[in-house]
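For reference, the structure discussed in these notes is given below.
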Amino acid sequence: MTTEMPKKSPVKFLLTIIGLAAIAMVATVIIGYFVTSQPRGFMVWVLIGFLCTLEFLIGILTVNSMTKTRAQYRPSGATIAITYGVAGLFAISGLLSIVIYWSIRNTNGSGDGSFIAALIGIFIFWFIIAALIYFFDLHSQVVAQPLKEKRAEHREYARSLNPILLAVRSVKTSDDKRLKRLSIITKNLESINIALAHSHGGGIGSLETGRSHSLDPEQDKVIQDGIGMMGSILSRLSDGTSGDFDAALSELEQIITRVSAAINSLEL
């Protein structure tokens, strides 16, 4: 008897992350309060606030990366890693700015307003960088999605063609002319099968070409219908002496020609 481990609720997991971030922020305030002595000046609270902001951002990034796994389009692992890197750069630049301003700050705090504005500007700058990275990643996925779906469809066509190709290879005949025709048919079917199995979805290989090469559902229907018709005439090729054998070969050759033309049109 086997037992299944209970699955953790994603909601509880996300709430745990948020709770840990909140606890870290509260702990930062408390620790900052007790490790500093009165009077706690402006820069002390700026530093504590900045650290709390970092902890909040880390929590939000973690929650975002977890919730995106349930979305149709989600950032790649590389994008998530880069985003955490951006958060790290924000931390470095922000802390460096605080240290520099702390060392040159006037006792009357005349430049505090400008410093806070600069700190906000640093935050906005890195936020825009992270947002652009996310945008371009998700946008490229949206653009590529139709091609991915079409590649999967073409691979399914290739799988449907495999038994047909196997059946044609197994046809036996003693007629040399028929053997030659069967050899050509087999090679053409193999070419079609390879093209479908390694399809790029539309266009010749690259995403850029795929964007400029419109997907043609009519040509795809020609391929789908052609494979279906190939299967329907296989029984007529099972006997190499049948009077209908040559007619079946001719039909198969015509179908292959149409399917090949459709594949060339789609530039697979």
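Taking label positions 7 Å along the Cα-Cβ direction at both Asp246 and Phe135, the computed distance is 6.8 nm, reported to one decimal. In this rough spin-label picture, where each label sits 7 Å from Cα along the Cβ direction, the Phe34-Val63 distance is 2.7 nm. In a fully extended conformation the segment linking Val143 and Thr53 would gain 28.9 nm over its present Cα-Cα distance, using 0.36 nm per residue. Beyond 30 Å in Cα-Cα separation lie the following of the pairs Lys150/Lys180; Lys148/Lys172; Lys187/Lys221: Lys150/Lys180; Lys148/Lys172. Extension gain for the segment Leu15 to Ser114, taken as residue separation times 0.36 nm less the Cα-Cα distance, is 32.0 nm to one decimal.
In nm, to one decimal, how far is the modelled label at Ala22 from the one at Ala81, with both set 7 Å along Cα→Cβ? Taking the simple label geometry, Ala22 and Ala81 are separated by 3.3 nm.
Laboratory data are not the source of any read-out in this text; all were calculated from the coordinates shown. Remember, it's a predicted structure, so these values are computed and weren't measured experimentally. Ideal geometry is used to build each Cβ from the backbone, glycine not excepted, and the neighbour counts take in all protein chains shown.
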